[in-house]
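Trainee: Would you mind keeping the following structure in view while I ask a few things?
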Amino acid sequence: MALNKMGKSLLICTMLVGGSFFLIIKSMPDTAIGVISTWNINTEYEVLDQRFVNVPYTGRLGQFYDCLTKYRHISKRSISKPIAEDNGRLVIKVANVAKLTMAVNSKEAYSIQLVEQNIDGKAEDYSNNYAINCDVGLLNK
């Protein structure tokens, strides 16, 4: 089916607008992950869920914070040890403003996702998944 001149122009405009919309969405910054910059080694956390991970139920981020700030794009994820039977998950509430979910293998957190929460604990913003390589044993140290 051949398109007339007006049909071709309409198709090109639709493609340009659609492409621009995609670029705007694709380039929007991940604002949720930025909350990490408001924390420090003394920021308090509370464990909400832990599977095959054993960390103190409450405490401070401690030395874990320094490692956490080195998060990187998920495509850069690497797991330093072979996947173990104790591959698990750790979910902590941080500073009463965010929930941090971590995939953990042999005490090494290797990916994170952050959910910003309002005062009622309801989700307000979600981060993308990010890669880290942090020993969960650094929490509260």
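The numbers here are math on the coordinates, done by the rules we state, and not lab data. Keep in mind that what you see is a predicted model, and the values were worked out from it rather than measured. Quick reminder, even Gly has a Cβ in these numbers, built from the backbone with ideal geometry, and neighbours come from all protein chains shown.
Trainee: Which of the GluC sites (Glu not before Pro) across segment 38-138 are loop residues per DSSP, with 14 or fewer other Cβ within 10 Å?
Mentor: Sparse-neighbourhood loop GluC sites (Glu not before Pro): Glu85.
Trainee: Over all directions, how big on average is the projection of the convex hull of the alpha-carbon atoms in segment 46-141, in square nanometres?
Mentor: If I average the Cα hull's projected area over directions, I get 5.8 nm².
Trainee: Give me a comma-separated list of calculated 3J(HN,Hα) values for segment 129-141, in order, Karplus coefficients 6.51, -1.76, 1.60 applied at θ = phi - 60°, integers in Hz, x for any Gly or Pro.
Mentor: Listing the rounded values in order: 7, 10, 8, 9, 9, 10, 6, 5, x, 7, 5, 6, 10 Hz.
Trainee: I've got another one for you. Tell me, what ³J(HN,Hα) does each residue in segment 115-121 have, in order and in whole Hz, if you take phi through Karplus 6.51 cos²θ - 1.76 cosθ + 1.60 with θ = phi - 60° and put x for Gly and Pro?
Mentor: 10, 6, 10, 7, 4, 8, x
Trainee: Mind checking the full-extension length gain between Asp125 and Arg72? Use 0.36 nm per residue of separation minus the Cα-Cα distance, one decimal, nm.
Mentor: Answer, rounded to one decimal: 17.2 nm.
Trainee: Also: Over 23 Å between Cα atoms: which of Lys70/Lys122; Lys93/Lys122; Lys107/Lys141 fall into that group?
Mentor: Lys70/Lys122
Trainee: Roughly what would the spin-label model give for Gln63 and Asn118, points 7 Å off Cα along C-beta, in nm?
Mentor: 4.0
Trainee: Is segment 93-141 rounded, prolate or oblate when judged by the Cα gyration tensor, a ≥ b ≥ c being the square roots of its eigenvalues, rounded requiring a/c under 1.5 and prolate requiring a/b larger than b/c?
Mentor: Taking the square roots of the gyration eigenvalues as a ≥ b ≥ c, segment 93-141 is oblate.
Trainee: Which residues' amide hydrogens lie under 5 Å from the amide hydrogen of Gly59, considering only partners 5 or more residues apart or on another chain, with H built in the peptide plane?
Mentor: Tyr45
Trainee: When the Karplus curve 6.51 cos²θ - 1.76 cosθ + 1.60 is applied with θ = phi - 60°, which whole-Hz ³J(HN,Hα) does each residue of segment 57-72 get, with x for Gly and Pro?
Mentor: Listing the rounded values in order: 4, 9, x, 10, 4, x, 5, 4, 4, 4, 5, 4, 5, 9, 4, 9 Hz.
Trainee: Next question. Using amide H atoms built 1.01 Å from N in the peptide plane, name the residues 5+ places from Leu139, or on other chains, whose amide H lies under 5 Å from its own.
Mentor: Under 5 Å from the amide H of Leu139: Phe64.
Trainee: Which aspartates and glutamates have a Cα lying under 20 Å from the Cα of Lys99, excluding residues fewer than 8 positions away in the same chain?
Mentor: Once the sequence-local aspartates and glutamates are set aside, what remains near Lys99 is Asp30, Glu44, Glu46, Asp49, Asp66, Glu108, Glu116, Asp120, Glu124, Asp125, Asp135.
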